[in-house]
Amino acid sequence: MASTPAGNRRTRVHVVSDVHGNARDLATAGDGADALICLGDLVLFLDYADHSRGIFPDLFGTENADRIVELRTARRFEEARAFQARLWAGIGTDRASAIRRAVRRQYAELFAAFPDPTYATYGNVDIPALWPEYAGPGTTVLDGERVEIGGRVFGFVGGGLRTPMRTPYEIDDEEYAAKIEAVGEVDVLCTHIPPEVPELVYDTVARRFERGSRALLDAIRRTRPRYALFGHVHQPLVRRMRIGATECVNVGHFASRGRPWVLEW
């Protein structure tokens with residue numbers, strides 16, 4: 001277990017999630033903090049607020065991005081997949097290779113913006129296999145693991161659960177629950193997705209329920225961490241609520257807010 005010395009002074013940690021390509025604000029997100037925590041989703045594949053931004057419009061144009069957002073928002077996922085397949089067939093490019101090249105360009109810029117120290121876990125749109133290429137010595141990547149910061153124990157669980165969206169790092173419920181179990185009792189439980197509570201998983205703009213974790217909710221009730229921190233839902237019905245002894249906080253959509261959530265003790 002790595003550690004950051006606490007001494008006798010107060011410790012301040014900044015937390016971000018859903019960075020989605022915002023390298024400019026990420027470069028200053030750790031200013032004034034003893035450490036930065038990133039809860040994933042570094043990659044910007046498609047900006048639902050500005051359809052001209054991201055890997056998808058770079059490859060296929062804004063008009064096609066408008067259409068894919070329309071289909072996904074209407075939950076017409078099979079039509080969306082068929083539409084994307086036609087686009088890829090039209091440009092004759094290997095999909096996986098093209099996406100990885102674009103993701104690598106984003107990762108190079110984003111990981112360079114991380115301060116030292118940074119503790120990070122994966123989001124559902126991230127590609128974990130690429131992270132070792134870009135994470136420098138000041139960035140500690142954790143998934144199903146713990147770290148001590150300022151005398152408190154933080155647990156990290158990355159990724160998301162299976163959905164019709166089929167984003168890159170979605171895993172089975174059983175695998176996700178095993179990572180939660182491996183973390184055990186901690187002071188602060190850091191995940192990309194929220195616990196499965198309707199108010200925390202409903203996105204008021206997308207008008208749909210995102211997937212939260214029942215195993216995470218059970219662990220919060222059982223182990224009673226001081227805080228459960230997460231992101232994933234960009235415009236939740238409720239950003240903060242208490243579950244028993246635990247303060248559950250959606251730390252915010254960093255891509256649009258550009259400001260970290262602050263934890264100090």
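The values are calculated or read from the model by the stated rules, or taken from the named source; none is laboratory data. None of these values were measured; they are calculated from a predicted model. No Cβ is skipped: glycine too gets one built from the backbone with ideal geometry, and neighbour counts run over all protein chains shown. Just the protein is used for accessible areas: all its heavy atoms, side chains included, with ligands, DNA and RNA removed. Shrake-Rupley method; radii C 1.70, N 1.55, O 1.52, S 1.80 Å.
For the reader, a short list of remarks on this structure follows.
- Electrostatic tally near Glu175: other residues with Cβ closer than 13 Å to its Cβ, Lys and Arg +1, Asp and Glu -1, net -4.
- Label-to-label distance, nm, for residues given as Arg100 and Asp50 (7 Å Cα→Cβ offset): 3.0
- Spin-label proximity, Glu174 to region 181-215 - amide N less than 18 Å from point 7 Å beyond Cα toward beta carbon: 181-182, 214-215
- Cβ crowding within 10 Å averaged over residues, with 204-212, 94-102, 32-40 ranked highest first: 32-40, 204-212, 94-102
- A cut-off of 5 Å between modelled amide H atoms, ignoring neighbours fewer than 5 places along the same chain, links Val153 with Asp187, Val188.
- Computed helical MRE - 222 nm, the chain, DSSP H runs ≥ 4 contributing -39500 (n - 2.57), nearest 500: -9500 deg cm²/dmol
- Here the Karplus curve 6.51 cos²θ - 1.76 cosθ + 1.60, taken at θ = phi - 60°, turns the phi angles of region 157-165 into couplings of 9, x, x, x, 9, 4, 9, x, 6 Hz, with x standing for Gly and Pro.
- Each Lys and Arg Cβ is given +1 and each Asp and Glu Cβ -1; about its Cα centre, region 44-201 then shows a dipole of about 700 debye.
- The phi torsions of region 218-227, fed into the Karplus equation with coefficients 6.51, -1.76 and 1.60 and a -60° offset, translate into couplings of 4, 5, 4, 5, 7, 9, 6, x, 4, 9 Hz, rounded to whole numbers, with Gly and Pro shown as x.
- Selection from Ser97, Met165, Ala135, by position along the positive dipole direction of region 91-176 (Cβ): Ser97
- Those GluC sites (Glu not before Pro) in region 116-186 that DSSP places in a loop and that have at most 13 other beta carbons within 10 Å: Glu185
- Around the amide H of Tyr119, modelled in the peptide plane, lie the amide H atoms of Leu36, Ile37, Cys38, Thr140, all under 5 Å away and 5 or more residues distant in sequence or on another chain.
- The accessible-area ordering, largest first, of the residues Ser256, Ser213 stands as Ser256, Ser213, per a 1.4 angstrom probe.
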